[in-house]
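Everything on this sheet refers to the single structure shown next.
The values are calculated or read from the model by the stated rules, or taken from the named source; none is laboratory data. Given the structure is predicted, the values throughout are model-derived calculations rather than measurements. Positions of Cβ are backbone-derived with ideal geometry, glycine not excepted, and every protein chain shown enters the neighbour counts. Areas reflect the complete protein model, heavy atoms only, side chains present, ligands, DNA and RNA absent. Shrake-Rupley method; radii C 1.70, N 1.55, O 1.52, S 1.80 Å.
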Amino acid sequence: MIINTGQRTDIPAFYPKWLANRFKEGEVCVRNPFNEERVSRYKLSPDTVDVVGFCSKNPAPFFEYMDVIKDYGQYWFVTITPYGRDIEPGVPDKHKILEDFKALSKMVGINSIGWRYDPILVNDRYTVDYHLRAFEQMAAALDGYTKTVVISFIDLYEKVKRNFPEVSSVARQNKHFLGKEIVKIATAHGMVVKPCGEGEFLSEYGADCRGCMTIETYEKAIGAKLIVPNKKPARKECACYLSGDIGAYDSCGHLCRYCYANNDIEAVKRNMKLHNPDSPFLIGGYREGDIIHDVEMKSYIDNQLSLF
């Protein structure tokens, strides 16, 4: 089984104690975001959860709880972009996050951590040249601490257009130029570029376009072969294997203007007030009329074949 924590919110940054409590108690409940009376209940055990996937802009608040998940396979994506508080109002100083990334890499190992430099947007402040300078500085700082960097160009979802109306799509020529130059810089610092949901067009420059959070990624992290059920991708451009996300939409306090997971700031504020670190739910608790589904939990590890 694979448990994801980061497609809907940033749990390590804002809910670290809750996450630690869930692993200590061995159970977590998740509301279906499209049918809230339906609840999936997952049993958390190293015997059945092969990998816990993280995606965070600020992993440091969870560092004090790392011992709680020491028996679990892990893969961490840490997002570090060059944007200021005009676009990422709740994200801490990027120099600190770079140092936290290096500390986390030492804890989990270089095969269990990747850097996300996304989404890329271009405007009068964050120009093409700005991105290349920033990417070079960050790649140099993370040299030797990861083998992977994921990039993507901003997608104009309806939520994004509503919360960030002045943003524009990145022009095709800028996508090609930035992608080509980013691959060169990343390669010089020992990293493979993995575009997220961008199709195949960057493969001609040396990017690995097979997906970012793939089964192969998890296998390298845990050193074992996984035999997984077939799943439909989240969207047609996505090759990632997404399974068992325990987060909730409209609950991330970073309030990034390009975010697809927050609908509006007021909803985020309301939900964060409903959070209880002792609840089995990230937001709120059990409700009358809940229909509980206990998810079948089993290991995907192929015990007959080890990668190492």
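Before moving on, here are some points about what is shown:
- Any hit, region 117-125, residues being open to solvent by 40 Å² or more (accessible area, probe 1.4 Å) and under 28 Å from ALA221 (Cα atoms): no
- Of everything listed in (1) more than 21 Å from GLY223 (Cα to Cα); (2) in a helix (DSSP H, G or I); (3) among the hydrophobic types (A, V, I, L, M, F, W, C), the single unmet condition for LEU104 is (1).
- Evaluation of LYS70 against the conditions (1) within 29 Å of LEU226 (Cβ to Cβ); (2) open to solvent by less than 50 Å² (accessible area, probe 1.4 Å) shows that the sole unmet condition is (2).
- Total residues in region 203-226, condition modelled with pLDDT of 90 or more and either open to solvent by 60 Å² or more (accessible area, probe 1.4 Å) or farther than 21 Å from CYS55 by Cβ (or both): 9
- Boolean, VAL28 is assigned to a strand (DSSP E or B), over 18 Å from the mean Cα position of the chain (by Cα) and under 29 Å from ASN303 (Cα atoms): yes
- The residues on offer are PHE34, PHE14, PHE63, and the sole one that is under 28 Å from CYS196 (Cα atoms), free of Cβ contacts under 8 Å to residues at least 24 places away in the same chain and open to solvent by 10 Å² or more (accessible area, probe 1.4 Å) is PHE34.
- Residue within region 77-97 that is touching a His at 6+ places or on another chain (Cβ under 7 Å), over 19 Å from ILE11 (Cβ atoms) and open to solvent by less than 10 Å² (accessible area, probe 1.4 Å) present: no
- Some residue of region 157-169 being open to solvent by less than 30 Å² (accessible area, probe 1.4 Å) and not in a loop (DSSP other than H, G, I, E, B): yes
- The listed residues are ASP124, ASP129, and the only one of them that is without any contact (Cβ under 8 Å) to a residue 12 or more places away in the chain and outside any helix (DSSP H, G or I) turns out to be ASP124.
- Scanning region 37-74 for residues that are hydrophobic (A, V, I, L, M, F, W, C) and outside any loop (DSSP other than H, G, I, E, B) yields VAL39, VAL51, VAL52, PHE54, CYS55, ALA60, PHE62, PHE63, MET66, VAL68, ILE69.
- Test: residue in region 263-275 that is open to solvent by less than 40 Å² (accessible area, probe 1.4 Å), assigned to a loop (DSSP other than H, G, I, E, B) and in contact with a helix residue (DSSP H, G or I) (Cβ under 9 Å, 6 or more places away or on another chain): no
- Residue match in region 140-149 (condition: of a type in the set (D, E, K, R) and modelled with pLDDT of 95 or more): yes
- First in region 148-161 and without any contact (Cβ under 8 Å) to a residue 40 or more places away in the chain, second anywhere and surrounded by 16 or more Cβ atoms within 10 Å (Cβ to Cβ), Cβ under 8 Å, 6 or more apart: LEU156/VAL167; LYS161/VAL167
- Here the condition is being open to solvent by less than 70 Å² (accessible area, probe 1.4 Å) and modelled with pLDDT of 95 or more; of CYS259, CYS252, it holds for CYS252 alone.
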